[in-house]
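Q: The structure is given below, and queries will be raised subsequently.
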Amino acid sequence: MPKPTEAELAILQVLWQRGPANVRLINEQLSQQREVGYTTTLKWLQLMLDKGLVLRDESVWPHIYRAAVREEDTQAQLLDRLAESAFGGSAFKLVLRALGRNQNTREELDQIQALLNQATPIPPTPNSDERA
């Protein structure tokens, strides 16, 4: 899967949240976060089309763009890259840092706890110090 830039991620967020849209609607959504021109948004979408991040329906005018990549797949790719580059590949260290920021709601912590309760631990390796 191609690696999206921050600007491309912002566009993908718009498409994932609101669904297929034309350049003007995408630009209006982006402009709520930061100043961005229509032609800049159009250029980003053309580059994203070339990279395979979006699809364009040319059977209608104005053309409609839709995400060609799933949000979950993109998040997983970005998370893997972050864990590898910033945490030496350790998901444990990444989660520890994220939870240590104390910016989680009670509901989020309850959901995290439920996921932990469902998680299946990997068996210890023969050389590990884990005791039964």
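The values are calculated or read from the model by the stated rules, or taken from the named source; none is laboratory data. Given the structure is predicted, the values throughout are model-derived calculations rather than measurements. Cβ sites come from the backbone with ideal geometry, for glycine too, and all protein chains shown count toward neighbours.
Q: Sort through 107, 84 and tell me the only one that's assigned to a helix (DSSP H, G or I), surrounded by 11 or more Cβ atoms within 10 Å (Cβ to Cβ), charged (D, E, K, R) and not assigned by TED's automatic domain parsing to the domain that holds residue 10. It would help to see each step written out before you state the result.
A: Working: 107 fails: surrounded by 11 or more Cβ atoms within 10 Å (Cβ to Cβ).
The conditions single out 84.
Q: On to the next question. Under 7 Å between Cβ atoms, which residue pairs at least 6 apart in sequence (or on different chains) link something in the stretch 56-69 that is charged (D, E, K, R) with a partner that is surrounded by fewer than 17 Cβ atoms within 10 Å (Cβ to Cβ)?
A: The qualifying pairs are 56/49; 56/63; 57/63; 66/20; 66/55.
Q: Also, quick follow-up: Can you tell me which residues in the stretch 31-66 are part of a loop (DSSP other than H, G, I, E, B), surrounded by 11 or more Cβ atoms within 10 Å (Cβ to Cβ) and among the basic types (Lys, Arg)?
A: none
Q: Filter the stretch 83-95 down to the residues that are within 22 Å of residue 121 (Cα to Cα) and in contact with a helix residue (DSSP H, G or I) (Cβ under 8 Å, 6 or more places away or on another chain) and list them by number.
A: Here is the first cut: in the stretch 83-95, the residues within 22 Å of residue 121 (Cα to Cα) are 83-84, 87-95.
Result: 83, 87, 89, 90, 91, 93, 94.
Q: In the stretch 54-63, is there at least one residue being modelled with pLDDT of 95 or more and under 16 Å from the mean Cα position of the chain (by Cα)? Spell out the reasoning first.
A: Going residue by residue through the stretch 54-63, those that are modelled with pLDDT of 95 or more are 54-63.
Then keep just the ones that are under 16 Å from the mean Cα position of the chain (by Cα); that gives 54.
Within the stretch 54-63, one or more residues are modelled with pLDDT of 95 or more and under 16 Å from the mean Cα position of the chain (by Cα).
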